[in-house]
């Protein structure tokens, strides 16, 4: 047996997230169906993370095991001919047997795209941005610095996943230009994130940008560990899993 690593890109709009769910269409489900056709038997795929319903990916990494006779299989061409058009394999390769898409990851990078024109949103962008309106970028930048580093992020975790600790180390939160002049992109990098943690951090940043919170308020929310003190979780469509990095 050998272990195959795939990198996927997908538009998550029409999926109930990455993870298999009974009676729901998921990215993992579609990929496993395509693999079953190629391999002639069911196979379980393991992903680097569970993107939520409506969340996108440019660099979702997965792995699965198969017979060594498939080592030179042109996986990108084979699977892209079977997968829906909103899921694509962009890279593939054989990896060591101890590689694990989730547990071997050194860091993950997500980007959240904001649209800043309340009067309209381009139809070509509406599936990939949250229209939050005008914001004060300086206030958001100041608030983002509060969240960088190692902290207990319990106040930014939604219920639904049991974890051993809510302490995480966020190495980067940075602002970048968007695809159009009406957008901004916020980049978040950490070894791992809690459930909907990025979307909850974005909610705090936007609240600061709207003048509803100050960076000092964000620090107090972080220190409290109380999810009810933080703003509501922002919509999923602005979020994209951009990259997963590994030490080898």
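The values are calculated or read from the model by the stated rules, or taken from the named source; none is laboratory data. These figures come from a predicted structure and were not determined experimentally. Glycine gets a Cβ as well: all are built from the backbone with ideal geometry, and neighbour counts include every protein chain shown.
Conditions tested, residue by residue: (1) modelled with pLDDT under 95; (2) farther than 29 Å from residue 171 by Cα.
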{"residue": "70", "(1), (2)": "yes, yes"}
{"residue": "81", "(1), (2)": "no, yes"}
{"residue": "90", "(1), (2)": "no, no"}
{"residue": "100", "(1), (2)": "no, no"}
{"residue": "114", "(1), (2)": "no, no"}
Review point. Do you know which residues across region 225-247 are in contact (Cβ under 8 Å) with a residue 12 or more places away in the chain, farther than 24 Å from residue 87 by Cβ and exposed (fewer than 15 other Cβ atoms within 10 Å of the Cβ)?
Key: 226, 229, 232, 247
Check your understanding: Only one of (1) farther than 16 Å from residue 65 by Cα; (2) under 15 Å from the mean Cα position of the chain (by Cα); (3) not assigned by TED's automatic domain parsing to the domain that holds residue 197 is not met by residue 101, so which one is it?
Key -> (1)
Review point. Within region 135-164, which residues are at pLDDT 95 or above, farther than 17 Å from residue 196 by Cβ and not in a helix (DSSP H, G or I)?
Key: 135, 136, 148, 149, 150
Study note, to complete from the structure: Across (1) surrounded by 18 or more Cβ atoms within 10 Å (Cβ to Cβ); (2) within 16 Å of the chain's Cα centre (by Cα), residue 89 clears everything bar (2)
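Here is a yes/no grid of residues against (1) touching a strand residue (DSSP E or B) at 6+ places or on another chain (Cβ under 8 Å); (2) surrounded by fewer than 18 Cβ atoms within 10 Å (Cβ to Cβ); (3) under 26 Å from residue 128 (Cβ atoms); (4) not assigned by TED's automatic domain parsing to the domain that holds residue 233:
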site: 12; (1), (2), (3), (4): yes, no, yes, yes
site: 27; (1), (2), (3), (4): yes, no, yes, yes
site: 44; (1), (2), (3), (4): yes, yes, no, yes
site: 62; (1), (2), (3), (4): yes, no, yes, yes
site: 70; (1), (2), (3), (4): yes, yes, no, yes
site: 74; (1), (2), (3), (4): no, yes, no, yes
site: 77; (1), (2), (3), (4): no, yes, no, yes
site: 81; (1), (2), (3), (4): no, yes, yes, yes
site: 84; (1), (2), (3), (4): no, yes, yes, yes
Point to revise | Flag for residue 206 being part of a helix (DSSP H, G or I), surrounded by 15 or more Cβ atoms within 10 Å (Cβ to Cβ), assigned by TED's automatic domain parsing to the domain that holds residue 122 and in contact (Cβ under 8 Å) with a residue 12 or more places away in the chain | key: yes
Check your understanding: Would it be correct to say that residue 222 is within 23 Å of the chain's Cα centre (by Cα) and either loosely packed, with under 15 Cβ neighbours inside 10 Å or within 18 Å of residue 157 (Cα to Cα) (or both)?
Key -> yes
Exercise for review: From (1) modelled with pLDDT of 95 or more; (2) exposed (fewer than 15 other Cβ atoms within 10 Å of the Cβ), pick out the condition that doesn't hold for residue 191.
Suggested key: (1)
Exercise for review: Return yes or no: is residue 57 more than 30 Å from residue 219 (Cβ to Cβ), crowded, with 19+ Cβ neighbours inside 10 Å and under 21 Å from the mean Cα position of the chain (by Cα)?
Suggested key: yes
Point to revise | Those residues of region 190-219 which are at positive phi and within 13 Å of the chain's Cα centre (by Cα), in sequence order | key: 196
**Study point:** Residue check, residue 129 closer than 24 Å to residue 26 by Cα, in contact (Cβ under 8 Å) with a residue 60 or more places away in the chain and not assigned by TED's automatic domain parsing to the domain that holds residue 174
**Key:** no
Practice item. Could you check, for region 216-229, whether at least one of its residues is in contact with a helix residue (DSSP H, G or I) (Cβ under 7 Å, 6 or more places away or on another chain) and outside any helix (DSSP H, G or I)? Key: yes
Revision key, fill the gap. Apart from one, (1) closer than 29 Å to residue 204 by Cβ; (2) within 15 Å of the chain's Cα centre (by Cα) all hold for residue 117; the odd one out is (2)
Point to revise | Residues satisfying the stated conditions in region 162-187, i.e. more than 13 Å from residue 114 (Cβ to Cβ) and surrounded by 13 or more Cβ atoms within 10 Å (Cβ to Cβ) | key: 166, 168, 169, 170, 171, 173, 174
